[in-house]
Amino acid sequence: MSRDDDADAVACEGWNGSECEGTVHCPPRCPRFVDEAGARWTVRPAVRADAAALAEMYEGFDGDDRAQGLPPVTRERRAEWIGSTLADGCNVVAECDGEVLGHAMYAPTDAARPELAVFVHPTAQGRGVGTELCRHVIANAAAAGRDGLELHVEAGNHVARRVYRNVGFELVERSYALRMALDLDDPVATAVRWPPLAREGPAAPAPGESSAADRSHAPADD
């Protein structure tokens, strides 16, 4: 997903995906996402051209937003880290109104159980963006045939730990940080790849609009 030609994998037109059953051309998880504040996001594969936007995003991070020393503190080291991440990992970014405010990846891409990392800009935290990014990484890793995912999280980072538990990770080791893991044959790794209709069920029709089931039984036009 770090290749530039993957930029063609973009969201479908429109935002009401509740009736979408998916197609063979869809990415592992639907790119459309509405956060808990009602804002519309696109989660898409990252490309090398996203390096500048990611550098700008990480400018807004302070010490409380870093985990295990990432992102690096200095601009030079951040630029090196972003470049190596885009080259060696499977990356996704979350955009809202054209601005990159979330970044997640698994690396290395050829590992049977690569490591997941996820970062959300402070202004977008607490709205479900990190959870959605995790689900995209899980879906991508499962689609790529990885066996599982692992991550490390500080014991005191209760918000992050809750997010990881919610997407299926379980504690496997306690040391200077907690190691958590998810087997990709777990049902959660299948569920994150379901199309919106299978995940959420059909939305209630708007006033005066028939449901999908009603329309399927309507007579065809002559």
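The values are calculated or read from the model by the stated rules, or taken from the named source; none is laboratory data. Here the structure is a predicted model, which is why all the values come from computation and not from measurement. Counting neighbours? That spans all protein chains shown, and the Cβs are built from the backbone with ideal geometry, glycine included. Ligands, DNA and RNA are excluded from the accessible area calculation, which covers all protein heavy atoms including side chains. Shrake-Rupley method; radii C 1.70, N 1.55, O 1.52, S 1.80 Å.
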Need the failing condition index for H103 against (1) in a helix (DSSP H, G or I); (2) surrounded by 14 or more Cβ atoms within 10 Å (Cβ to Cβ), just the number. (1)
Does at least one position in segment 83-100 carry a residue that is at positive phi, part of a loop (DSSP other than H, G, I, E, B) and touching a strand residue (DSSP E or B) at 6+ places or on another chain (Cβ under 9 Å)? yes
Kindly evaluate S18 against the criterion of being part of a loop (DSSP other than H, G, I, E, B), at pLDDT below 95 and touching a Gly at 6+ places or on another chain (Cβ under 7 Å). no
If A142 satisfies all but one of (1) open to solvent by 10 Å² or more (accessible area, probe 1.4 Å); (2) in a strand (DSSP E or B), what's the number of the condition it fails? (2)
Filter segment 45-93 for residues that are of a type in the set (F, W, Y) and in contact (Cβ under 8 Å) with a residue 12 or more places away in the chain and give the result. Y58, F61
How do the pairs read when you match residues in segment 113-124 that are closer than 21 Å to F169 by Cβ with residues anywhere that are acidic (D, E), using Cβ under 6 Å and keeping only pairs 6 or more apart or on different chains? R113/D147; R113/E150; E115/E150
Taking only pairs six or more apart or across chains, which ones have beta-carbon atoms under 9 Å, a first residue in segment 128-143 that is closer than 18 Å to D186 by Cα, and a second residue that is open to solvent by less than 10 Å² (accessible area, probe 1.4 Å) and assigned to a helix (DSSP H, G or I)? I138/A189; A139/A189; A141/A189; A142/A189
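In segment 37-72, what residues are part of a loop (DSSP other than H, G, I, E, B), among the aliphatic types (A, V, I, L, M) and surrounded by 12 or more Cβ atoms within 10 Å (Cβ to Cβ)? Can you show your working first?
From segment 37-72, those part of a loop (DSSP other than H, G, I, E, B) are 37-39, 46-47, 60-62, 66, 68-69, 71-72; that's our starting set.
Remaining after also requiring among the aliphatic types (A, V, I, L, M): 37, 39, 46-47.
Answer for segment 37-72, where residues must be part of a loop (DSSP other than H, G, I, E, B), among the aliphatic types (A, V, I, L, M) and surrounded by 12 or more Cβ atoms within 10 Å (Cβ to Cβ): A39, A46, V47.
Identify the residue in segment 106-139 that is acidic (D, E) and outside any loop (DSSP other than H, G, I, E, B) and, among all such residues, is surrounded by the most Cβ atoms within 10 Å (Cβ to Cβ). Full working, then the answer.
Keep residues of segment 106-139 that are acidic (D, E), which gives 110, 115, 132.
Pick out the ones that are also outside any loop (DSSP other than H, G, I, E, B) and you get 115, 132.
Working: E115: 16, E132: 23.
If we take residues in segment 106-139 being acidic (D, E) and outside any loop (DSSP other than H, G, I, E, B), then E132 is surrounded by the most Cβ atoms within 10 Å (Cβ to Cβ).
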